[in-house]
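Written below as C-alpha cells is the structure these notes are about.
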Amino acid sequence: MSRLLRADFSRLFKSLIFKLGMIFSVGFAVVMVMARYIDCKVNASTYAEYGYMIDNVDDFIFVGCFFMMFVVAVFIGIFVGTDYSDGTIRNKIMVGHKRGSIYLANYITCYAAMLIFNFTYIVTVLVFGLILYKNTTIKPEYFFVNLGFMIITSAALTALLLFFAMLINNKAAASVTLLAMAIVLWFFAMLIVTRLDMQEYYQDVYELNEAGEIVQDKTVRNPKYLTGVKREIYEFMEDFLPSTQYYQVLHWNIDRPVRFILCDVGILVVMTGAGVVAFRRKDLK
C-alpha cells in the first residue's frame, strides 16, 4: 500500500489537472473576496442605512467547497481515467498489488486532492480577506467544528465519485459522467433547500382592517410549505446528500449533526465496500 501511495501522490503533484484545480481554488477565492470588497465600497451607504455589517469575508469561507464539487468530479474522472488509459492499473496488478489496495490507494489520493483544493480556497479567503478587512467575527471553535463537517462530507463525496470512476475505463466518459453527477447533486441541493426554506405563511399579503388601514395578513398559509412525512423526507435528504451537506456547511448551520455524520459514514462505508467488490470483479482487458 505504501508503494502505491507514493506512486499515486507522485503522479498527483505532477498532473496538470491537479495544478489547474489549485489555480481554480486560488482564483475563485480571490474573486469571491474582491466581489465582496467592491460590493461593500459601492453600496456602503445602503448597507449602513439598513444596519448591515458585511465588512468581512466570514460568509465566504466555506462557499468554495460547494462549488468545488464540479472541479473534483472532473479531477477524479481524469486522474483515475488516466490510470486506465495508460495501462497503469494493469501494471500494478501484474507486479503483485491487490485490487483492493489499488482501489483504496486511489481513494486516499483523490480524497487528499479534494482536501487540498478546499483548504487552498479557505486559506486564500482568510489571508486575502484579512489583508483587505483586517478583521473577522468567526470564533475559532465554530470554525474548526464547521471545518470538521466539511472534511467528513468530502470523504463521503470522494467515495461516491470514485465508485463510478473506477468502473469506467474511458477517461473522457468518466469525467463527463462524474461532472453530470455533480450537476445533478447541485440541482437536488437547490431544490431541497428551496422547499425547506419556504415560509409557512405568506409574508407579503396585505388587507384593509376595520379602520381602513392597510395591514399585513399573517394568516394566509403557503400551500407549498412542507409538513409531516414529506418534510421529514426532505430533511433526511438534506442530511444525506453531500451537496446539501456542503450547503449547510457554507451557511454555518448544521441542524442535525449526529444524522449528518452517520449519513457520511454510511456513504463512505457502503460506496467504498461496493467499489472494492466491483473492482475486484471488473474485467480490465
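The values are calculated or read from the model by the stated rules, or taken from the named source; none is laboratory data. Nothing here was measured: the structure is a model prediction, and the numbers come from that model. Cβ atoms come from the backbone with ideal geometry, glycine included; neighbour counts cover every protein chain shown. Each accessible area value is taken on the protein alone, full model and side chains, heavy atoms only, with ligands, DNA and RNA left out. Shrake-Rupley method; radii C 1.70, N 1.55, O 1.52, S 1.80 Å.
Considering only residues in region 233-250 that are out of contact with any Ser or Thr (no Cβ under 9 Å at 6 or more places or on another chain) and open to solvent by 10 Å² or more (accessible area, probe 1.4 Å), the one that is modelled with the lowest pLDDT turns out to be Leu250. Within region 248-261, residues that are within 10 Å of Phe62 (Cα to Cα) sit with their Cβ atoms under 7 Å from residues that are part of a helix (DSSP H, G or I) and among the β-branched types (Val, Ile, Thr), at 6+ positions apart or across chains, in these pairs: Val249/Thr153; Leu250/Val63.
Test Asp8 against the criterion of being modelled with pLDDT of 85 or more and either under 19 Å from Tyr103 (Cβ atoms) or in a helix (DSSP H, G or I) (or both), and give yes or no. In short, yes.
The single condition among (1) at pLDDT below 95; (2) surrounded by 15 or more Cβ atoms within 10 Å (Cβ to Cβ) that Leu130 does not satisfy is (2). In this entry, Lys230 is excluded by the filter for residues that are modelled with pLDDT under 90 and charged (D, E, K, R).
When you check Val95 against the structure, is it over 20 Å from Gly27 (Cβ atoms), of a type outside the set (S, T, N, Q) and buried (at least 24 other Cβ atoms within 10 Å of the Cβ), yes or no? So Val95 does not fit the description; no. In region 133-159, what count of residues is obtained for those that are of a type in the set (A, V, I, L, M), open to solvent by 30 Å² or more (accessible area, probe 1.4 Å) and over 22 Å from Ile38 (Cα atoms)? Here the count works out to 3. Of the residues in region 251-278, how many are surrounded by fewer than 19 Cβ atoms within 10 Å (Cβ to Cβ), in a helix (DSSP H, G or I) and not small (Gly, Ala, Ser)? Residues meeting the conditions: 9.
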